[in-house]
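Presented below is the structure to which this report refers.
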Amino acid sequence: MVVKSDQYLEFEPTEGPVPEISVYDYDETPENKSWACTLPVKQALYDPEYEKDNCGVGFACHVKGKPSHKIISDARYLLCNMSHRGGSDGTGIGDGAGLLSGIPHKFLTREFDYHCHVKLPAMGQYAVGNLFFKKDEDVFLKSKATFENIANSLGLRVLGWRDVPVDSSILVPAALSREPKILQPCVVLEDAYGSGNEPKEISDEEFESKYQKTFEKKLYILRKQSTHTIGLHNWFYICSLSSRNIVYKGQLIPSQVYSYYHDLVNAEYECHFALVHSRFSTNTFPSWDRAQPLRWAAHNGEINTLRGNKNWMRAREGVMESKLFGDDLDKLYPIIEEGGSDSAALDNVLELLVINGILTLPEAIMLLVPEAWQNNEHMDSKKRAFYEWAACLMEPWDGPALFAFADGRFCGANLDRNGLRPCRYYLTDDDIMICASEVGVIPIASSKVVEKGRLHPGRMLLVDTKEVVNQVEYKGY
């Protein structure tokens, strides 16, 4: 039977008693720090601290920043053609898959106007994201109220909540047993938006100069405080909450992502980039929150220096200072949240570095995942100086690892100095950059290919949608 992705599956009722569905017996104890107690607690030779990922990752991006639904459609090809890089068992339980894209402003403006009766401000002046809640009504209402109270205390305002339309009928029992309630809040800075249901007239230049840094700072504090206060044990998880990106993900196989999330097949969902991920959890347990992409990046590989990285990051919390956050730094700790994977730990640190505003996203990636620079006699002196400075602040997060990352302006990929994860890229004559863990993920006529190649150890592929850069040689600046 062929079913369109925006249709619900219908089943004929069966005769006789309904067979019992066997679902994993979760360790729902206070000691279990994982989201929704999905992972087992430490026992015998098993330790959740050793969980690693090994996956398929890639992106499609218009290098001049022109939004279209074609980017989302191309990303579907990309994701589904990397199904073999994700994990699943014989019953269809997936290790996780998802998509990170730019904010689909046209689509969200219509949706929030229709469902929530509020007018969205201009692109970049509001934040939106997908949040996981427990389906238990009491827990859900308390979690939602706590989130709104924290937002209000920070001078933010939740304009409205949108129910994300999904098709739960395609889920297998294990994924269905931990399926969260998924809502989409729209958050604005009250000083900039006002107290009504329509925004003040503020130009992009005025918002950027007067409100942008404050807005990003308060959004980050909201994400951290609400996560720490409500807790993973209440099934609360923020996939993303940003004015730049939005993440759709879950305990799915790649072919289910666009069928599960109806938003993604809406023709008005337009953006200039889409980054996808198909997760293979190496000898580990899948869960909704551990699916990728994360808030800023997607990761193929492992972080084999993870214990040291986490310990050093925890130690730094006692001496960290920030002009942007000031005394609010204490609200962010712990920076690396409990219950996450190795990829999530790196994403937590990357998020702090980017929001702090000193480093751009690609510079923050270079700090965390440096190339082999110490004995390179031919390296540019300015780049060597950057790495020497970075080495004083942060030890390398070593793989083997391939990272794809995006923040609305930048979209790129970085291969660590070991170079043990594949990455190929194409640039077409219609200004589309395609990057993935392997070739052939999107059907392209060879006559349309302007440039192609592979990412070498320690190198970065970068698309800057505001300025023209030499993508592969970005690290040579």
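Brief remarks follow.
- Pick from region 295-320, criterion more than 28 Å from Leu420 (Cβ to Cβ) and assigned to a loop (DSSP other than H, G, I, E, B), ranking: least open to solvent (accessible area, probe 1.4 Å): Glu317
- Residue check: Ser381 meets all listed conditions (1) under 21 Å from Gly308 (Cα atoms); (2) open to solvent by 50 Å² or more (accessible area, probe 1.4 Å) but one, namely (1).
- Tally of residues being in contact with a strand residue (DSSP E or B) (Cβ under 7 Å, 6 or more places away or on another chain), of a type outside the set (Lys, Arg), open to solvent by 50 Å² or more (accessible area, probe 1.4 Å) and at pLDDT 90 or above across region 391-443: 2
- Filter pass, Lys323 being under 30 Å from Glu467 (Cβ atoms) and open to solvent by 50 Å² or more (accessible area, probe 1.4 Å): yes
- Counting the residues of region 72-91 that are surrounded by 23 or more Cβ atoms within 10 Å (Cβ to Cβ), touching a Phe, Trp or Tyr at 6+ places or on another chain (Cβ under 7 Å) and modelled with pLDDT of 90 or more gives 1.
Residue-wise test of (1) open to solvent by 30 Å² or more (accessible area, probe 1.4 Å); (2) within 26 Å of Gln225 (Cα to Cα); (3) not β-branched (Val, Ile, Thr).
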position: Pro104; (1), (2), (3): no, no, yes
position: Phe133; (1), (2), (3): no, yes, yes
position: Asp136; (1), (2), (3): yes, yes, yes
position: Ser168; (1), (2), (3): yes, no, yes
position: Pro180; (1), (2), (3): no, yes, yes
position: Cys186; (1), (2), (3): no, yes, yes
position: Glu190; (1), (2), (3): yes, yes, yes
position: Tyr193; (1), (2), (3): no, yes, yes
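- Residue within region 136-147 that is touching a Leu at 6+ places or on another chain (Cβ under 6 Å) and either farther than 19 Å from Ser242 by Cβ or in contact (Cβ under 8 Å) with a residue 40 or more places away in the chain (or both) present: no
- Asn356 touching a Leu at 6+ places or on another chain (Cβ under 7 Å), more than 21 Å from Gln292 (Cα to Cα) and surrounded by fewer than 21 Cβ atoms within 10 Å (Cβ to Cβ): yes
- Test: residue in region 122-131 that is in a helix (DSSP H, G or I) and in contact (Cβ under 8 Å) with a residue 12 or more places away in the chain: no
The values are calculated or read from the model by the stated rules, or taken from the named source; none is laboratory data. Values in this document were obtained by computation on a predicted structure and should not be read as measured data. Glycine gets a Cβ as well: all are built from the backbone with ideal geometry, and neighbour counts include every protein chain shown. Ligands, DNA and RNA are excluded from the accessible area calculation, which covers all protein heavy atoms including side chains. Shrake-Rupley method; radii C 1.70, N 1.55, O 1.52, S 1.80 Å.
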